[in-house]
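Taken together, the values in this text are just the output of simple stated rules run on the coordinates, not laboratory data. Computed from a predicted model, the values in this text were never measured in an experiment. Glycine also receives a Cβ, built like all others from the backbone with ideal geometry; neighbour counts cover every protein chain displayed.
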C-alpha cells in the first residue's frame with residue numbers, strides 16, 4: 001500500500017482510510033497543471049481524507065482461516081506452517097513475501113493498488129539487478145551520465161569513470177513492483193488485493209494477530225471487510241504506514257518530494273536519453289536537490305525539502321526555471337507529491353511485528369534513495385523470520401526480528417551516516433553547494449561515489465588519494481565560503497517540528 | 001612571479017584603477033568608459049577600440065558589469081563561460097587576483113538573487129581553483145590572522161599578568177613550567193575556536209548536528225539488548 005496517505009505527525013490518533021476520489025486523483029493522468037497540482041497537494045496534506053474508526057463498519061466479518069491460539073516464542077507449531085502477513089506490495093513488501101514464501105512460510109501479501117505508480121525517481125543501483133535477479137526489460141533507461149549543476153550554473157559531468165557495463169537503471173515503479181509481486185506469487189505467496197485497516201491481538205501478547213482489511217478482489221469501489229489471522233506481521237506499507245501506527249512505532253521527520261512528469265519534444269528528450277540532471281541551490285531547495293530524471297518516454301522534474309515544506313511549489317517553479325532551456329515546451333502528464341522519511345522510526349519492531357522499507361524509514365539522506373534499501377531490508381527481515389522459525393516450523397519472537405534490525409544497522413549504518421554527513425556539509429548553503437559541484441569534478445570522487453552507489457559496498461580508497469581529496473574538499477569549501485561570506489545556511493541539527501503552520505502553509509499554497 | 005604567461009596583446013586592455021569596485025550590490029549599469037564593437041568582443045579582447053561614450057541602452061554592446069541580460073550573465077570580462085584573465089591585468093602586466101575574486105563574488109551574489117537557467121550552449125567553465133592559493137590567503141586569511149594574533153597576544157599578556165601577580169612566577173618561569181605551556185595552548189586554541197560571540201550557539205548547533213542522526217538511529221536500541229551475531233535467541 002504505497003499510496004500517499006496522511007502527513008505523519010499531523011494526524012496520528014485515528015485510523016484513516018484513503019478514499020476513492022483521492023485514489024482517482026493519484027491514478028489518473030491530469031489535464032492541467034494547476035488542477036493536478038491541487039489534487040496532489042491536497043492528497044498530500046490529507047485534505048480529502050475520510051476519518052473512520054478502525055473496525056467500524058466491518059459488520060460482515062468472516063474469518064477466512066483457522067483460529068490460531070497463543071503460542072510461546074520458540075514453541076513448535078505442531079505440524080502447521082507459520083503464517084505471516086506482509087502489508088504493502090512495493091519492493092519492500094514483495095521481496096519480503098518472496099523470501100518468506102521460498103523459506104517455506106505461509107505468506108499473505110496485502111496490497112490495495114496493484115498498478116500503483118508511485119511518485120519516485122525510480123533509479124535502481126546495478127547491484128540490485130544481480131542481487132534480485134531482475135530481468136533486463138525492467139530497466140527502461142540506462143543512465144550513464146549525471147550532470148550536477150551548481151547555483152552559479154557550473155556544470156560537472158559525473159559518470160566519466162563508468163565502464164561500458166555500468167549504469168544506473170531507471171525503471172517504472174508500476175512495472176518493477178508488479179514483477180516483484182508476481183515473482184512472490186509464483187513462489188507461493190498469496191497476494192490479496194486489499195486495504196489494511198488495522199489489527200489486534202485478541203489473545204494477548206502471544207496470540208495471533210487478527211488483521212482487518214477491505215478486500216477489493218471482486219473489483220468495484222467498495223471493499224468487502226474481511227479478517228485474516230496470522231502469527232506475524234511485516235509492515236511494508238510506506239511512509240504513512242498503518243502498521244507502524246498500530247505498533248506505536250513513533251514518527252520520523254520527513255521530506256516532501258514534489259515531481260512533475262513532463263513529456264518533452266523528441267529533440268529535447270534525446271538529450272536526456274542517458275542523462276540525469278541534479279540542480280543544487282537555495283532557489284531549488286534549501287536542503288536537498290532538484291532533479292531532471294529521464295523516465296520511460298518522458299522526464300520527471302522535481303525537488304524536495306524538509307525545512308520548508310510550505311515553499312515546495314516555489315522550489316518546483318525554480319527547478320523548472322533552472323532547467324528551462326531543456327524541458328520547455330513539454331506537456332505535464334502527472335504531478336506527484338510524496339513524503340520521504342529522513343531517519344528510522346524509534347521503534348522498528350514490537351512483539352511479532354516488524355517494519356521494513358520506507359515504513360521503517362530506510363531512505364538515505366543526500367541522495368534520497370530507497371528502492372534498493374526497501375527490497376534489501378525486506379529480504380533481510382524475511383531471512384531472519386525464516387531462520388528464527390526454522391523454515392516455518394516454530395514460532396519466532398521479537399528477539400528473532402531484532403536479529404534483522406541488528407544485522408541491518410551493522411551493515412548499513414555507516415552508509416546512512418556518510419550520506420547524512422555529506423548532506424549536512426554540502427547542502428547547507430550555496431557556497432557549500434558550489435564546493436560540492438567543484439569537488440565532483442575529481443575522478444576519484446566520481447569513482448568512489450559510483451562504486452558505493454552501484455554496488456552498495458564501500459571499498460576503502462587509497463589513503464593518499466583520500467588525503468588529497470580531503471585537502472581539495474577543504475580548499476573548495478573555504479573558497480566557496482570566502483566568495484559568499486554571510487550566505488544563507490540551513491541547520492540540520494534540530495528536529496523539524498511538524499508545526500501545523502507548515503501544513504497550513506502547504507494548504508495555503510494549494511489555494512493560491 | 002605574478003605574470004601568468006598571458007598573451008602579450010592583453011597589455012592594451014582597458015585598465016581598472018586599483019582594486020576593482022564591482023560590489024555585490026552594484027547591479028546597476030556602470031558608466032561605460034570604453035566601448036567595444038560587438039564583433040570584436042567575441043574574437044579578441046585585445047581588439048577593443050576606444051570609442052565615444054554611448055547611452056546606457058546602447059545596442060552596440062556597452063561595457064556591462066555583472067548583470068543578467070536576457071537570462072544570461074553578462075560582463076565585459078566574462079567570455080565563453082569564464083573570466084578572461086587578461087582583463088584583470090594591471091599596467092605592469094601583473095594579475096590583479098583580488099579583482100578576479102571580487103568579480104566572482106559579484107557574479108555568485110547576482111546569480112543567487114536571480115537564478116538563471118542552465119544551458120548547454122554556454123556552460124560555465126571558470127574554476128575558482130584557477131586563482132592561486134596565495135591570492136586567497138592574502139585576501140581572506142591574513143586580515144583574520146592579524147586579528148587572531150592580536151587577540152591572542154592581548155589575552156596572553158593579561159593572563160600572564162594575573163598569574164604573575166597571584167603566584168609570583170615570572171614570564172620565563174611560566175613558559176618553562178608544564179602548566180604554563182598548557183595554559184598557553186588553551187588560550188591560543190580558545191581564541192581560534194571562539195572568534196565571535198556567535199561562535200557559541202554555532203558550535204552548539206554543530207555538536208547537535210553531529211549527534212542528532214546517531215540518536216535517531218539508536219532510538220531503536222534504547223532499553224533493548226542488542227542481539228549478538230550468530231546467537232540463537234529463541235532456540236528453546
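Points worth noting:
- Computed from label points 7 Å out along Cα-Cβ, the spacing between residue A:115 and residue B:214 is 5.0 nm.
- Taking the fewest neighbouring Cβ atoms within 10 Å as the starting point, the ordered list for B:157, A:209 is B:157, A:209.
- Prolate/oblate/rounded label for region A:157-255 (Cα gyration tensor, a/c 1.5): prolate
- Judged by the gyration tensor of its Cα atoms, with axes a ≥ b ≥ c, region A:86-137 is oblate; a/c meets the 1.5 cut and b/c is at least as large as a/b.
- Normalising the average separation of contacting C-alpha pairs (under 8 angstrom, six or more residues apart) by the number of residues puts the relative contact order of region A:155-267 at 15 percent.
- When the Cα gyration tensor is reduced to axis lengths a ≥ b ≥ c, the ratio a/c is 1.5 or higher for region A:271-315, and with a/b above b/c it is classed as prolate.
- Full extension of the chain between residue B:177 and residue B:197 yields a length gain of 4.1 nm, computed as 0.36 nm times the residue separation minus the alpha carbon distance.
- When Rg and Dmax are taken over the Cα atoms of region A:192-302, they come to 21.3, 64 Å.
- Å³ per residue enclosed by the Cα convex hull of region B:54-205: 221
- Cβ crowding within 10 Å, taken as a proxy for footprinting-reagent exposure, orders A:84, A:158 from fewest neighbours to most as A:158, A:84.
- Bins of 5 Å from zero: percent of alpha-carbon pairs in region A:250-367: 2, 12, 20, 19, 16, 12, 8, 5, 3, 1, 0, 0
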